[in-house]
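Here the structure is laid out as structure tokens; the discussion comes afterwards.
Where a number appears in this text, it was derived from the coordinates with a stated rule and is not lab data. A quick note: this is a predicted structure, and the numbers were derived from the prediction, not measured. Here the Cβ is made from the backbone with ideal geometry for all residues, glycine too, and neighbour counts use every protein chain on show.
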Amino acid sequence: MIHPQDFADSAQAMLGESEVCNRNAVSCIYYSVYHTGLKFAFNDLGFAYKTGMSLHKQLIDFFKCQDRKDLKVIGRQMEKLRNARNEADYALDSYVSPEDAKLDVRLALQTISQIEQIQKHL
């Protein structure tokens, strides 16, 4: 079985190798955050998926609409990472530099750490 950390490990391993690797790293690291956040939201926060709508958007909006500031921050960070992933996956005319990819990976790892810290204190 694959785990969210596997996506993060893969993203970090390919970072800076080439533009394709940078794009793949941005995509992989988003999915590490997405799956970490999804599990947290379902298991600890009472998130419920409504069919017919994007699960990714619902999850981000769920975090952004929470009363706790730290959860809102996670939602905004996830949204930023999703936008970066969409650009990396679909905007082939844009350039994804190693520096941009590293910033996205850093933000994602920070977001995962924030989720883990909140889980410890629930």
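So, by mean Cβ neighbours within 10 angstrom, what's the order for 102-113, 57-68 with the highest one leading?
102-113, 57-68
Taking the square root of 5 times each eigenvalue of the Cα gyration tensor, what semi-axes in Å does the equivalent ellipsoid of the range 4-120 have, largest first?
Gyration-tensor ellipsoid for the range 4-120: 25, 15, 12 Å.
What percent do you get for the relative contact order of the range 4-120 when only Cα pairs under 8 Å and 6+ apart count?
36 percent
Show me 72-78, 2-8 ranked by packing, highest mean number of other Cβ atoms within 10 Å first.
72-78, 2-8
Within 10 Å, count the other beta carbons around each residue, average over each peptide in 23-32, 88-97, and list them highest first.
The packing order, highest mean first, is 23-32, 88-97.
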